[in-house]
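Chemist: Take this structure first; my questions come after.
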Amino acid sequence: MTHELCAHDAYVTTCDATVADVREDGIVLDRTVFYARGGGQPGDAGELRWDGGACRVADTLKSRDDGEILHVLDDGAERPPVGTAVIAEIDWNRRHLHMRTHTALHALSGVVFSGWGAKVTGGNMDSNGMARMDFELDGISQEFGREVEERLNVRLAEDVPVHVSFLPRAEAFADPDLIRTKVSLIPDHVDPIRVIDIEGIDKQADGGTHVRSTAEVGRVRVVKTESKGKANKRMRIELEDR
Ligand SMILES: [Zn+2]
């Protein structure tokens, strides 16, 4: 399987790699800085370069067949053959926006849980600094949205560090914060479990990429609150600087 560099360091933008497989639906590398779409976070775009050639990567996703990371190329792009040494480089502006948006969602879920005890029922990110998150709430109003926005921005401005760690499965299953965020749903073979901890705000098992501290997110606006059914209420957010 491809070594996923971004799981350990989200700030690495480029790496050397070797083409391991060339498939109809994408290129597999032995190691990569590209994040494959998942957990609500869009896949990375970028470029592969090699001696005498280059191609654009339009998206990155995991194969449904074997879970390998596929670098999806533009239609008709030149494909480097198996064994080619390449330089893989992500579109950093796009990725950094995803990292900020993703971190904003963690902080949002933490603020809503600590203030109102509401759990998250779903969420998704767009690639343009907008996102949505659904909560187990009986009702939702514009005033609620404003209150959440205010508290969220206060917490973000505190510049709280975001820690990434890898916990043995047994240890993760004993952590009340992780139990609350349904760590038990993670497939049996995953061990250790990657944990994102925004000190005192939110802690959960997660495979995505995040910024180092909350101030890097900047300010967030709650742009919409809506009901998506009984006990399922949606908030749409956007980063002010995007
Ligand atoms: Zn995350």
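Chemist: With angles folded into 0 to 90 degrees, how steeply does helix 142-157 sit against the dominant principal axis of the chain? Use alpha carbons for both and round to 10.
Modeler: 60 degrees
Chemist: Along the principal axes of its C-alpha atoms, what lengths does the chain span, in descending order and rounded to whole Å?
Modeler: For the chain, the Cα spread along each principal axis is 57, 40, 34 Å.
Chemist: Note down, for the range 7-51, the three equivalent ellipsoid semi-axes (square root of 5 times each alpha carbon gyration tensor eigenvalue), biggest first, whole angstrom.
Modeler: For the range 7-51, the semi-axes come out at 18, 15, 9 Å.
Chemist: Mean residue ellipticity at 222 nm from the helices of the chain, using -39,500 (n - 2.57) per DSSP H segment of n ≥ 4 over the full residue count, to the nearest 500 deg cm²/dmol?
Modeler: Value at 222 nm, helices only: -6500 deg cm²/dmol.
Chemist: Okay, moving on. Which order do the peptides 232-240, 161-169, 74-82 come out in when sorted by mean C-beta neighbours inside 10 angstrom, highest first?
Modeler: So the order, starting with the most tightly packed, is 232-240, 161-169, 74-82.
Chemist: Would you work out the charge dipole size for the range 187-242 about its Cα centre, treating the Cβ of every Lys and Arg as +1 and the Cβ of every Asp and Glu as -1, and quote it to the nearest 20 debye?
Modeler: With only Lys, Arg, Asp and Glu charged at Cβ, the dipole is about 520 debye.
Chemist: Please report the antiparallel percentage of DSSP beta bridges with both residues in the chain, rounded to the nearest 5.
Modeler: If I count the DSSP bridges inside the chain, around 95 percent turn out antiparallel.
Chemist: Please express the shape of the range 31-151 as an equivalent ellipsoid: the semi-axes are the square roots of 5 times the eigenvalues of the C-alpha gyration tensor, given largest first in whole angstrom.
Modeler: Equivalent ellipsoid semi-axes, largest first: 38, 14, 11 Å.
Chemist: Okay, moving on. If one takes the longest principal axis of the Cα atoms in the chain, at what angle in degrees, from 0 to 90 and to the nearest 10, does the Cα axis of helix 92-116 lie?
Modeler: Taking the Cα atoms of the chain, the angle to 92-116 is about 30 degrees.
Chemist: Just Arg132, Arg56, Arg64 to compare: in a GNM of the chain, with alpha carbon springs under 10 Å, which one fluctuates most?
Modeler: Arg64
Chemist: Antiparallel DSSP bridges in the range 1-105: what percent, to the nearest 5?
Modeler: 95 percent
Chemist: Kindly rank 181-193, 1-13 from highest to lowest mean number of other beta carbons found within 10 Å of each residue.
Modeler: The most tightly packed comes first, giving 1-13, 181-193.
Where a number appears in this text, it was derived from the coordinates with a stated rule and is not lab data. Worth saying up front: this structure is predicted, and the values here are computed from it rather than measured. Note: ideal-geometry Cβ built from the backbone for every residue, glycine included; neighbour counts use all protein chains shown.
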